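Please read the structure below before turning to the comments.
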Amino acid sequence: YIIEENTVKYIDYGNPAEFRLFVPCADRTIALYDKNCKRVDGWEMKHTEGLISREIKHFVNSNRDYLIAKDEYKLYITDRRGNERIHVANPLAPNAYSDVYLVRQNTPEAAFVTSTPDGKMASVDIASGNVEFVDIDSIGRDRHYMLQLSADRFAFVSNRHYVVTDDKGQVVSHNRLYLSSVDNAEMTYDGKIALWDREESLGYLINGDG
């Protein structure tokens, strides 16, 4: 059965025959269906080590497709058929509350970035698979969300801190927050960050600059 609804992802590759529905399941498999909801033959990604925590992402860089799934143990970066596209060279345990983003697209410095549970930006070089880690000021081991504000700006949000960095993890600005328990954070259509404080039963909208 499906882990949870927000992990199901459909991807339209631009050709009706290539519409794909990715369904992470509780047995640590990812089921793949076509536009008629029939299982797709030839899907090579059989199992993950843990349960998929976010929906699968699709990126195109220099005319190559990349599918990215993540669980609590590692990133899986594959081609359209589930074959490993990038071997992540350094151990990387992703943060369950952050997505994966593509930065410096179509350049020699292209990389995938996400955050780790201990408050670092992790950057996976597409060419080599090497991972670099940068500590994000004040986040530490606090539960946090990493959100993309623009092509080269990211926000790290926790109960007490709102930190904006560039795409290499260098801090641009830092603001204090006074929340009890951030339970969800996501971007709005007009560039704000929507936060939900579970303990206080309150929602907040924060401008990109904090």
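The values are calculated or read from the model by the stated rules, or taken from the named source; none is laboratory data. In this text, all values refer to a predicted model and were calculated from it rather than measured experimentally. In this analysis, Cβ positions are derived from the backbone assuming ideal geometry, glycine residues included, and neighbour counts consider all displayed protein chains. Please note that ligands, DNA and RNA were not included when accessible areas were found on the heavy atoms of the full protein model with its side chains. Shrake-Rupley method; radii C 1.70, N 1.55, O 1.52, S 1.80 Å.
In this structure, Val103 qualifies as surrounded by 14 or more Cβ atoms within 10 Å (Cβ to Cβ), under 30 Å from Asn159 (Cβ atoms) and in contact (Cβ under 8 Å) with a residue 60 or more places away in the chain.
Scanning region 36-50 for residues that are modelled with pLDDT of 90 or more and crowded, with 17+ Cβ neighbours inside 10 Å yields Trp43, Thr48. Residues that are under 26 Å from Thr78 (Cα atoms) and either open to solvent by 70 Å² or more (accessible area, probe 1.4 Å) or not in a strand (DSSP E or B) (or both) do not occur anywhere in region 136-150. Residues in region 17-32 that are more than 18 Å from Tyr66 (Cα to Cα) and either of a type in the set (A, V, I, L, M, F, W, C) or open to solvent by 40 Å² or more (accessible area, probe 1.4 Å) (or both): Ala17, Cys25, Ala26, Asp27, Arg28. Condition test on Ser62, is it within 28 Å of Tyr145 (Cβ to Cβ) and among the polar types (S, T, N, Q)? Here the answer is no, as Ser62 does not meet what is asked. Restricting attention to region 157-189, the residues being part of a loop (DSSP other than H, G, I, E, B) and either charged (D, E, K, R) or surrounded by fewer than 16 Cβ atoms within 10 Å (Cβ to Cβ) (or both) number 9.
Checking region 190-201 against the condition returns no match, with no residue being closer than 29 Å to Glu84 by Cα and open to solvent by 10 Å² or more (accessible area, probe 1.4 Å). Within region 71-94, which residues are open to solvent by 10 Å² or more (accessible area, probe 1.4 Å) and closer than 17 Å to Tyr145 by Cβ? Listed by number, the residues that qualify are Glu72, Ala93.
Listed by first and then second residue, the pairs with beta-carbon distance under 8 Å, at least 6 apart or on different chains, first residue in region 192-210 and free of Cβ contacts under 8 Å to residues at least 40 places away in the same chain and more than 21 Å from Leu149 (Cβ to Cβ), second assigned to a strand (DSSP E or B) and open to solvent by less than 80 Å² (accessible area, probe 1.4 Å), are Arg198/Val182; Arg198/Asp183. Just one of the numbered conditions (1) at pLDDT below 95; (2) at negative phi; (3) polar (S, T, N, Q) is not true of Thr114: (1).
The set of residues in region 25-70 that are among the basic types (Lys, Arg) and in a loop (DSSP other than H, G, I, E, B) comprises Arg28, Lys35, Lys38, Lys46, Arg54.
Checked against (1) in contact with a Pro (Cβ under 7 Å, 6 or more places away or on another chain); (2) part of a loop (DSSP other than H, G, I, E, B), Thr114 meets all criteria but (2).
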